[in-house]
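**Q** First the structure, which I've put down as structure tokens, then a few questions once you've had a look.
The values are calculated or read from the model by the stated rules, or taken from the named source; none is laboratory data. The structure displayed is predicted, hence computed values, not measured ones. When we count neighbours, we look across all protein chains shown, and the Cβ atoms used for this are built from the backbone with ideal geometry, even at glycine. SASA here: full protein model, heavy atoms, side chains in, ligands and nucleic acids out. Shrake-Rupley method; radii C 1.70, N 1.55, O 1.52, S 1.80 Å.
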Amino acid sequence: GLVRDLVGGTSALVLVSGLDAKLLRGLSASARRWSIILQIGSVLLVLLFLIPLVLAFQAYRQRNLSFPSICRFEDVWETKFLSTKDAQAEFISAPSAWTASGDGSAGHVHFFPANYPALILDEPVPDWRDFEFFVFEIYSELGTEIDMALRIDDRWHDQTYADRFNHRFSVPPGSSQVRVALADVKVAPQGREMDMAEIYTIVIFAKQPASPFTLWFDNMRLE
């Protein structure tokens with residue numbers, strides 16, 4: 001924040017000074033050339049600091065246009081909203097045996113041995129009131145079933161276990177689907193209802209896995 005403020009303030013001063021005709025007339029030809037170079041540099045710096053804002057705006061725009069699809073694990077803009085904890089995620093071609101991933105690419109997530117390795121999706125389109133189900137597809141190349149968990153928070157979540165939606169599910173070998181009724185999400189927090197117009201975070205995680213493992217995810221959506 002401080003660096004941005006200093007760069008912005010300095011760039012503004014350079015640009016303003018460059019617009020002062022009296023000041024420019026008082027400079028030598030060499031000084032005027034340096035003044036022009038500094039002005040161009042200031043413009044470039046301002047543009048450089050604007051790039052992240054433009055990219056963020058575009059990501060939110062694409063998120064809104066894609067809704068009720070939440071994440072297809074296809075496009076660069078989706079990485080703005082995805083993160084991991086004690087895990088690693090990448091978008092790569094789905095296994096050929098997985099017909100449920102019809103678009104070709106999927107989220108390949110490697111979970112490490114830790115307390116709660118997780119795939120995290122922040123700031124989906126928040127208003128889920130017009131929908132009945134939260135759905136996503138999973139593919140496992142493991143030889144045995146593995147236990148996973150899903151949590152959904154709204155904007156007012158107080159960071160306690162009881163104040164969110166918690167759902168445990170098992171992932172069998174091969175292709176499967178997780179389908180959650182939003183009516184259950186709404187009544188999940190103790191002592192209040194989930195604000196279905198302000199959904200804020202989706203977390204898919206494992207509890208203290210003894211060894212690393214990998215799952216594929218795709219087509220996270222509302223229906």
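**Q** Out of all DSSP beta bridges with both ends in segment 97-223, state the antiparallel percent to the nearest 5. Walk me through the numbers on the way to the answer.
**A** On the way: 36 of 36 bridges.
Percent antiparallel among DSSP bridges in segment 97-223 is about 100.
**Q** With +1 on each Lys and Arg Cβ and -1 on each Asp and Glu Cβ, how big is the dipole of segment 102-223 about its Cα centre, in debye rounded to the nearest 20? Walk me through the intermediate numbers first.
**A** Details: 10 positive and 20 negative charges, 76 e Å.
Value, rounded to 20: 360 debye.
**Q** Per the Kirkwood treatment, what hydrodynamic radius in Å, one decimal, follows for segment 158-202 from the mean inverse distance over all distinct Cα pairs? Write out the running numbers ahead of the final one.
**A** Details: mean 1/r = 0.0825 Å⁻¹.
Over segment 158-202, the inverse of the mean reciprocal pair distance is 12.1 Å.
**Q** Let's see if you can work this out: charge +1 on each Lys and Arg Cβ, -1 on each Asp and Glu Cβ, no other charges. What is the dipole magnitude of segment 71-111 about its Cα centre, in debye to the nearest 20?
**A** Values: 3 positive and 6 negative charges, 19 e Å.
Using Cβ point charges on Lys, Arg, Asp and Glu, segment 71-111 gives about 80 debye.
**Q** Two decimals is fine: what's Rg over Rh for segment 111-202, C-alpha atoms, Kirkwood radius as Rh? Could you put the intermediate results ahead of the total?
**A** Working: Rg = 14.1 Å, Rh = 14.3 Å.
Ratio of gyration radius to Kirkwood radius for segment 111-202: 0.99.
**Q** Report the percentage of all Cα-Cα pairs in segment 53-165 whose separation exceeds 24 Å, rounded to a whole percent.
**A** Details: 2080 of 6328 pairs.
When every Cα pair of segment 53-165 is considered, 33 percent fall beyond 24 Å.
**Q** Taking the Cα centre of segment 95-167 as the origin and placing charges on Cβ (Lys, Arg +1; Asp, Glu -1), which of Val109, Thr99, Trp156 is farthest toward the positive end of the dipole?
**A** Towards the positive end, the residue furthest out is Val109.
**Q** If you don't mind, another one. Let me cross-check Lys207: its accessible surface, 1.4 Å probe, with only protein heavy atoms counted, in Å² to the nearest 10?
**A** Surface open to solvent at Lys207 totals about 130 Å².
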